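Read through the structure below, which is laid out as structure tokens, and then see the notes.
None of the figures in this text is laboratory data; all of them are computed from the coordinates on show. Computed from a predicted model, the values in this text were never measured in an experiment. Quick reminder, even Gly has a Cβ in these numbers, built from the backbone with ideal geometry, and neighbours come from all protein chains shown.
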Amino acid sequence: MRTVARTVAVGVIGLSGALGLAPAVASAACPNEPFRTGRSASLPDCRAYELVTPEVLARTQDLTFSGLQHAAPSSDGEHLLLLSPSTLEPNPDVAGTTAVFSRTPLGWAIKSAVSAGAGEANMQPRLVSPDLSQLAFVSFVSRNNEELQRAPQRLEAGPVGGPYRLVAEVPAASTFFEAANTGAGAVPAFSRVLLSSSDDQLLPPGPERSAAEEALPGAQNLYQWSEGRLSLLNMNATGKLVSPCGAALGHESDVGEARHTVSADGAIIFFTTALAGSGCPVPTRLWMRTAGGPEPVEVSAPQEVVLQPSERRDVTYLDATADGSAVFFTTSEALTPDAPHTGSLNLYVYRTGAPAGQRLRFIATGYLAAFQGDRPGPNGHSFVLSEDGSSAYYADEAGRFHRYDMATGETTPALRVVQSATGEPIYTTPDGEYLVVPALTVEGQPQTGHVQLYRYDNRDGSVICVSCGEGVASADIGSVIEPLLGFGQGPGDAFIASLDDGVPALIQASEDGQEVFFQTTSRLVAQDRNPVAFDPSSIDGFLGLDVYEWEADGAGACRVSGGCVYLLSGGEETGQSVFLGASRDGSNVFLATAAPLLPWATPEFTNIYDARVDGGFPRPPARAECLACQGVGSPSPSFAPAASATFAGAGNPPLPSTGVSVTPKPKPRPRSRCRRSLRRNKHGRCVRAAHKSGRGHAR
């Protein structure tokens with residue numbers, strides 16, 4: 001990522017931008033200098049803020065990202081998906097927002113994912129392609145809960161905005177979208193869409209439907225939708241189910257969604273039969289289905305080892321490479337001659353393209369013993385596979401992470417986590433050379449009493465705390481509190497949030513490993529003036545949550561041993577700032593904040609911005625305010641949990657610190673009046689009139 005920070009001078013740099021003064025660094029060389037005014041002037045690397053959300057909106061609620069909103073940018077930073085019960089779309093007939101924002105030469109434009117003439121149908125997106133061009137969703141028509149229970153649901157897929165093609169029309173809560181191929185070469189995204197269903201009448205009468213009817217009551221079967229046709233996946237060449245206990249895409253129901261269960265071209269699919277905890281007497285097993293193959297192949301079958309049926313144990317899918325060339329899983333069985341018979345979990349890799357008899361390889365034992373119950377990985381385990389499939393990190397029973405090299409089969413010890421951070425994911429760069437781990441305590445690192453982020457460098461074996469800061473400003477943090485809202489963070493904790501596999505992955509560090517993005521309530525720099533305590537009466541929760549970036553020494557303009565920390569959000573008492581994701585090269589960084597980073601942003605609402613290298617647009621012409629178009633809309637269905645993690649920015653070489661300790665406060669921004677039925681709270685935000693509980697809802 002192209003992000004820069006110099007901790008020794010960051011207070012001066014950020015403060016000048018907040019005051020609207022000249023930037024503290026020379027930026028005459030920036031090609032977008034006319035757009036680097038106001039708060040954009042303090043951004044490094046010739047960045048400038050761009051307003052993604054339209055300046056004129058038919059809003060009925062604010063964007064809070066407290067659990068009902070979900071936003072994800074495409075990896076190239078040219079598009080951003082927003083799923084929200086807040087109505088931002090200009091169409092007054094649409095309740096909530098299901099839309100894709102795209103950058104144009106004139107600014108950001110919004111395109112509704114709801115097809116024209118959808119009427120009163122409720123739309124619940126389930127899968128989105130990484131480039132945000134394809135969408136799979138469930139829709140139904142209901143006016144109340146009673147109708148909802150009886151209303152059939154339509155599963156549809158197609159390009160965002162339509163036209164959509166009907167995949168299936170089934171009873172409510174019986175069929176679900178599970179995954180889709182992301183596209184590779186000439187094979188387009190969503191050419192194969194996978195579903196699970198307990199409806200054994202999903203297919204027309206025939207051999208496949210007869211096989212589906214063999215499943216035990218309530219068991220889920222797996223289906224593939226391709227070229228307009230549904231077909232059963234968990235069926236063998238004899239027309240029978242692989243297991244009557246059902247099948248799922250590689251995950252246990254109590255662990256979480258599995259990633260990469262279908263290869264990018266859709267030619268390989270991994271699934272699990274006889275789900276653990278389902279009451280089925282047959283242990284869980286891992287299977288692979290290839291396009292054109294006569295029947296599934298058991299990936300977890302013993303190799304050069306004879307096991308009796310009574311010796312078989314459950315298998316847990318972990319992850320696979322995007323091209324399906326390798327899949328990782330654990331089991332307590334000794335599936336190869338070199339695997340121990342200790343009863344502990346063993347970690348294996350199955351290489352689909354290797355010669356027969358050499359495909360299954362034992363990696364390590366004792367895996368996850370110290371992390372039972374934690375969910376630090378993207379798939380629910382202390383395990384993460386690099387994007388290029390060259391390496392994988394895993395933790396042993398002592399909390400020591402190891403790096404496994406796919407080419408050589410060798411493992412290298414990495415950092416050791418003494419106290420893990422429950423609920424927080426680990427992350428690796430695409431080439432697997434850097435690992436970012438959230439933890440309370442890491443061996444050889446100072447203890448702070450809070451969750452911090454640590455970066456491991458495989459090249460030299462070094463470990464750096466990227467979120468500890470250097471004492472530029474008092475951290476001013478309280479004690480760690482119990483996890484709230486499912487995020488697992490407390491005051492002073494730094495954290496990275498993961499997304500479901502149905503949307504593009506959140507980029508949490510630059511692909512070269514030189515920048516790491518995070519959020520924390522700690523005040524790591526002087527201009528961060530946000531409160532740090534959790535406010536249970538506010539829908540924003542952690543009001544002092546701010547977005548930071550760490551940059552390695554020698555990257556960009558940073559020349560500080562141990563790296564530089566830079567505040568990229570406002571640091572003001574306007575509620576939490578939320579990182580929504582970055583482009584792969586770091587040129588685009590998306591965030592949501594109530595602070596008006598551009599003068600023409602609606603000051604009473606949270607807006608989404610893109611801090612873009614060489615970006616910026618001219619100020620749009622003044623428009624008359626439309627109060628009539630801001631009525632209250634009906635609630636919309638809840639979508640996936642919000643993505644809140646980290647943010648990035650960059651910087652030109654800053655000047656040395658001037659030692660300034662007293663700085664005049666910025667001139668207050670004129671406030672527009674709150675609309676009817678709203679009032680302004682202590683944070684200056686318009687809220688609804690108090691309910692009987694005495695709490696207001698942020699607007």
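To the nearest 0.05, what FRET efficiency results for A301 and V187 with a Förster distance of 30 Å applied to their C-beta separation? Numbers along the way, then the final one.
Working: r = 29 Å, r/R0 = 0.95.
About 0.55, to the nearest 0.05.
Most exposed first by the Cβ proxy, i.e. fewest other Cβ within 10 Å, how do I269, I110 rank?
I110, I269
Below 15 angstrom from the Cβ of G461, what's the summed charge of the other residues (Lys, Arg +1; Asp, Glu -1)? Let's see the in-between values first.
Working: positive: R400, R403, R416, R455, R459; negative: D405, E410, E433, E443, D457, D460.
Once positives and negatives cancel, what remains is -1.
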Problem set entry | For the stretch 154-241, size of Cβ-based charge dipole, Lys and Arg +1, Asp and Glu -1, in debye | 220 debye
Exercise. Check L415: other-chain or 5+ apart residues with amide H under 5 Å from its amide H, H built from backbone geometry?
Worked result: F401
Exercise. Net charge near R312, counting Lys/Arg +1 and Asp/Glu -1 over other residues with Cβ under 12 Å of its Cβ?
Worked result: -2
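Share of Cα-Cα pairs in the stretch 189-310 beyond 22 Å, in percent?
Values: 2353 of 7381 pairs.
It works out to 32 percent of all Cα pairs.
If I stretch the segment between S462 and A356 completely, what's the gain in nm (0.36 nm per residue apart, minus their alpha carbon distance), one decimal?
34.3 nm
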Seminar exercise, completed: Expressed in µm² per second, the diffusion coefficient of the stretch 391-458 from the Stokes-Einstein equation, with Rh the Kirkwood radius over alpha carbon pairs, at 20 °C and 1.002 mPa s, is 174 µm²/s
